Every structure is written in structure tokens, then in C-alpha cells.
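Reviewing the structure listed below.
The values are calculated or read from the model by the stated rules, or taken from the named source; none is laboratory data. Just so we're clear, the structure is a prediction, and the values are computed from it rather than from any experiment. Here the Cβ positions follow ideal geometry from the backbone for every residue, glycine too, while neighbour counts run over all protein chains shown. Heavy atoms of the whole protein, side chains included, go into the accessibility calculation; ligands, DNA and RNA do not. Shrake-Rupley method; radii C 1.70, N 1.55, O 1.52, S 1.80 Å.
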Amino acid sequence: MEREIKRVHLANFHVAGFGYWDGCEAFENLKIGTKLQFEREADNKFDPYAVAIYYNDLKLGFIPRGENHDISKFLDMGWGDMYEVRIQRITPDAHPEAQVEVIVYVKKNGNK
């Protein structure tokens with residue numbers, strides 16, 4: 001019997017800028033598997049493809065510049081629901097730029 005594929009791995013990366021935003025406020029609540037959200041920042045003056053990463057209303061940082069180009073285009077087209085973003089690794093003793101790693105999946109059309 002074949003298993004139905006509900007999502008596929010797209011990328012994993014550390015949250016860029018974690019030490020500059022609300023990471024310290026959210027850190028105690030972040031656990032492996034915690035769901036996160038993407039929010040497009042098309043007006044970001046430093047990166048035209050900027051995609052912020054949020055835990056509830058707290059901004060954790062961004063998708064690293066080298067990883068955000070394609071994802072930003074899909075978000076611009078209104079396809080943000082296709083992504084599932086979760087925390088994959090937490091390393092409290094690391095430099096803030098390497099403390100939180102996320103994994104991004106593309107969900108099969110129709111999966112929530």
C-alpha cells in the first residue's frame with residue numbers, strides 16, 4: 001500500500017537576525033516542532049525579497065537572503081498557505097544567528 005504524501009521538504013535554515021527582533025521574548029516558548037508563519041516584507045529597504053518569520057505576533061527574524069527569493073515570489077502571488085514552517089533545532093548556547101533553525105515544507109494542495 002502506498003502512503004499518501006502530504007508534504008515535501010523544501011528548505012531548512014537558521015533564522016537570520018534572531019538577536020535583533022523579538023527572539024528573546026519568544027525563546028522560552030519555542031520548542032522543536034513549533035509552527036511559525038511567514039510574512040512578506042516587500043517594502044524592506046535592505047532586501048526586496050525579505051520574508052519575516054513570526055511566532056504568533058512576535059517577529060523572530062527573516063529567511064536568510066540567499067534562501068528567500070523563490071519563497072517571496074510565491075507569497076507575493078498569495079500562495080502562502082502552501083508552506084508549513086516549523087522549528088527544527090534550538091541551540092540556546094549558540095550565537096543568536098544560529099540559535100533557531102527552521103524547516104520548511106510545501107504542503108499538498110488541500111492540506112491544512
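With the simple spin-label model, which puts each label point 7 Å out from Cα in the Cβ direction, the residue 22 to residue 8 separation comes to 3.4 nm.
With N counted as the residues of the chain, its alpha-carbon radius of gyration over 2.2 N^0.38 Å works out to 1.07. Solvent-accessible surface of the chain, averaged per residue with a 1.4 angstrom probe and all protein chains in place: 66 square angstrom. Computed extension length for residue 81-residue 46: 10.1 nm, one decimal, from 0.36 nm per residue of separation with the Cα-Cα distance subtracted.
The lysine pair count for the chain, using Cα distances under 22 Å and pairs eight or more places apart or on different chains, is 18.
Take each peptide in 49-55, 18-24, count the other Cβ atoms within 10 Å of every residue, and average; sorted highest first, the result is 49-55, 18-24.
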